[in-house]
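Structure, as structure tokens:
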Amino acid sequence: MKTPSVFVFDMGRVLLDFDPSLCINPHLSDPDDRARIARVAFASEEWKMLDAGTITDEAALALWQSRLPERLRAPMAEIFEDWHRHMPEIPEMCNLVRDLCAAGYPVYLLSNVSLRFAKLKEYFPVFPLMQGYVASAEELVCKPHRRIYEILMERYNLSAEECIFVDDLPANVEGAKAVGMQGYVFDGDAKKLRATLLEMGVNLPTRIIPPKTGLVLEGGAQRGVFTAGVLDKLMEEGYHFPYVVGVSAGACNAYSYVSWQKGRTHDCMMPSEENSYFGAKEILSTGKLMNLEKVFFGMPKTHPFDYKTFFASEKKLEIVATSLKDGKPRYFRSKKCKYRLARVGMASCAMPMFAAPVKIAGEEYLDGGVSDSIPVARAMEQGCEKAVVVLTRRAGELPSGSEKMKKLYRLYFRKYPEFAEVFCRRVEIYKEQLALLEKLEAEGKVFIIRPTVPTVSRLEQDEAKLELFYYHGYDTMERKMDELRAFLEHYEKIEN
């Protein structure tokens, strides 16, 4: 059996869960009505014709409505209008696609799907990772006809012998085999498919790290692009840490790491009009230098965030913010709520004086870095015996903390004296945390990754400097991979 080097996936019931009840049930409560809609529309010949591109949406809908009683015609139109929004990812399969892409393999989509695919792909977070696709309605031919497989190979200059095709229907897999591809009938068991690919010699470098190992991510605003490079290399190598704690920009990096979206934080940090969230324009519109709503409510749309994978992840994530009331750190866990996730991220990143405090459950918060810049002690409290710590400052570098600035902090936060005192002690707190890191490192309990070149500024907007600092993070992690493996010792199991 030849090791495949190109991977072609079907979409419905392979990467996305195509279950008509998901779009029918929100509109209808009666079981008989639901079954009738499913039979009349989704199990109809017209549905197959839509996939083949031989009937329009309007014509298909009119035929279905003609077969239904008057009371069901409006619901039928509503269901058909938004069915493509009700196809959630199958997390284990989409994670497999991410892992294949991270390992450098080209991945393609080959699906029997109507022209609605033009809208559907907007709700398909892994689609941008793919090198190309063939949709049946656009080509006027469906699987398992030989021609649709040939179109894929001709369009992307692929050799059948290097491809493996994954579909849930045996007939479609046989169609792929007839043109020389290898094939796999997906039965819903993603782990079995992954194991099969590993047996075939596919390099899926997934590392299973034990539950008592943590990943600690310091903040630093734009300096966090260094961490983005480190994490992208770790994702490329398949390292899944079971516990993650992030502060400020480290929280942003943690979000993309838990959602397993290599490259996303890098893209969010590169200067552009859509990424702009601080500056004179924000002062005029919000009264503050930073508009964090753009980061946590806007960027998940401009740089699609994979909420499905994030909320399905087994990783335990904590995000640090500092209470404005008492200056103490709070550790928020990710609940399955998009709004709360955004608010927690905003709180962790809210730089004092530059951003407005963020209210969560009636209490106001600012930057987690004020009270706990390097939460390695928190990781140990949560049961971690070892931790990988990613810092964004060079060895010996400290936060600024002049006496003149301390006077300003006390004046600005005079209504919150406890917060102001913690803020003024930030340098001392940071020194204490570095001393703890040094002790834990000597004991073999932490593995530290930090920059060795001059860092970028916290609000850096020079794209070239940011790119260089990102690749410094990536290259640093690449050089230290053997050291990391030695640190993890027998804790690491390599599946390849």
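The values are calculated or read from the model by the stated rules, or taken from the named source; none is laboratory data. All values derive from a computational prediction rather than experimental measurement. All Cβ positions, even for glycine, are placed from backbone atoms using ideal geometry, and neighbour counts span all protein chains on display. Remember, those area values only see protein heavy atoms, side chains included, never the ligands or the DNA or RNA. Shrake-Rupley method; radii C 1.70, N 1.55, O 1.52, S 1.80 Å.
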*Set Lys and Arg Cβ to +1 and Asp and Glu Cβ to -1, take the dipole of segment 66-202 about its Cα centre, and tell me which of Ala137, Cys101, Val185 lies farthest positive.*
Ala137
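Counting other C-beta atoms within 10 Å, and keeping those with at most 14, which DSSP coil trypsin sites (Lys or Arg not before Pro) do you find in segment 323-430?
Counting only loop positions with at most 14 other Cβ atoms within 10 Å, the trypsin sites (Lys or Arg not before Pro) in segment 323-430 are Lys325, Lys335, Lys336, Arg394, Arg414, Lys415.
Defining a contact as two alpha carbons under 8 Å apart and six or more residues distant in sequence, what relative contact order in percent does the chain show?
Computed value for the chain: 15 percent relative contact order.
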*Considering the options Ala356, Pro375, Leu408, tell which one lies farthest towards the positive end of the dipole of segment 289-440, charges being +1 on Lys and Arg and -1 on Asp and Glu at the Cβ, about the Cα centre.*
Ala356
_Span from the segment 102-134 Cα centroid across to the segment 167-236 one, whole angstrom_ = 16 Å
*What's the longest bit of the chain with no exposed GluC sites (Glu not before Pro), using DSSP loop states and at most 14 other Cβ atoms within 10 Å as the test?*
1-272
*Correct choice for volume of the Cα convex hull per residue in Å³ that was computed from the model, options [x] 171; [y] 222; [z] 135*: [x]
*Dipole in debye (nearest 20) - the chain, about Cα centre, beta carbon charges: Lys, Arg +1; Asp, Glu -1*: 1780 debye
_Please report the carbon-and-sulfur percent of the accessible area for the chain; probe 1.4 Å, protein heavy atoms only, DNA, RNA and ligands left out._
53 percent
*asked:* Among the listed pairs Lys315/Lys445; Lys119/Lys233; Lys301/Lys336; Lys301/Lys335; Lys328/Lys431; Lys119/Lys359, which have their C-alpha atoms separated by more than 25 angstrom in this model?
replied: Lys119/Lys233; Lys119/Lys359
_Given the DSSP H assignment, sum -39500 (n - 2.57) over each helix run of at least 4 residues in the chain and divide by its residue total; what's the result at 222 nm in deg cm²/dmol, nearest 500?_
-12500 deg cm²/dmol
_Mean Cα-pair separation over length for segment 119-215, i.e. relative contact order, pairs under 8 Å, 6 or more apart, %_ = 18 percent
